[in-house]
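Here the structure comes first, spelled out in structure tokens, and everything after it is commentary.
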Amino acid sequence: MKAARLLLAAATVCAGASLLAAPTAPVTVHDTMAGIVDPAADVVWEITNRNVDDLGYGAADKYAAGDWARLYAASSDIRRGAAIIANAPRLRAAAPGAKIADQDQPGATNAADVQRRIDSDPKSIRAHARNLAALAADLEQAAVRRDAKTAQDLAGALDGACEACHLQYWYYNQEPVK
């Protein structure tokens, strides 16, 4: 077991170094989020929301056999997606002509509006991405340690990090949920 954890830790360090390399292809925030980060975040929330005790706290004894590995993999995907955004030389909200989620809803924004917001404050979206990557790295370590309480807390922080960025760039005309 100790050897497996050392191997997992070494793989994390090596993967982390490769995540920091700048992407060579154009990066779209929408594609990165929809294709990498969002599906992985759904896995994190599904696992952490299911594995709680009667008081709603993370409970390691509730985790199924593969949950820790799935939690680690999903956290790694979130970190990878966030690093892509944080390190891209230029960010595009979406591919030319692409629709973003909910843009056809009344009062919703479109890719051109989001692009203007990104262009007006690119440092902030990169800071959001770095914060997301850091939370995901911490969640990876909680999975390695099989620390259900920390995983639960980080899953909540992940939700808050997502909402903070979405409210600034994607849903900026909406009020935060209280």
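Can you tell me which residue among D53, D38 is over 19 Å from the mean Cα position of the chain (by Cα) and not hydrophobic (A, V, I, L, M, F, W, C)?
None of the others qualify; the one that does is D53.
Would you check which residues across the stretch 114-146 are in contact (Cβ under 8 Å) with a residue 60 or more places away in the chain and touching a strand residue (DSSP E or B) at 6+ places or on another chain (Cβ under 8 Å) and list them?
I118, I125
Let's see how each residue does on (1) aliphatic (A, V, I, L, M); (2) over 18 Å from the mean Cα position of the chain (by Cα); (3) closer than 14 Å to Y72 by Cα:
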site: T109; (1), (2), (3): no, yes, no
site: D121; (1), (2), (3): no, yes, no
site: S124; (1), (2), (3): no, no, no
site: A127; (1), (2), (3): yes, no, no
site: R130; (1), (2), (3): no, no, no
site: R145; (1), (2), (3): no, yes, yes
site: D153; (1), (2), (3): no, no, no
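Going through the stretch 60-94 one residue at a time, which ones are among the β-branched types (V, I, T) and either over 12 Å from the mean Cα position of the chain (by Cα) or within 15 Å of V43 (Cα to Cα) (or both)?
Hit for the stretch 60-94 is I78, nothing else.
Exactly one of these conditions fails for E175: (1) at pLDDT below 95; (2) within 15 Å of G58 (Cβ to Cβ). Give me its number.
Result: E175 passes all but (2).
I'd like the residue in the stretch 69-128 that is assigned to a helix (DSSP H, G or I) and of a type in the set (D, E) and, out of all such residues, is surrounded by the most Cβ atoms within 10 Å (Cβ to Cβ).
Filtering first and then ranking leaves D77.
The values are calculated or read from the model by the stated rules, or taken from the named source; none is laboratory data. In this text, all values refer to a predicted model and were calculated from it rather than measured experimentally. Because the Cβ atoms are built from the backbone with ideal geometry, glycine has one as well, and the counts that use them run over all protein chains shown.
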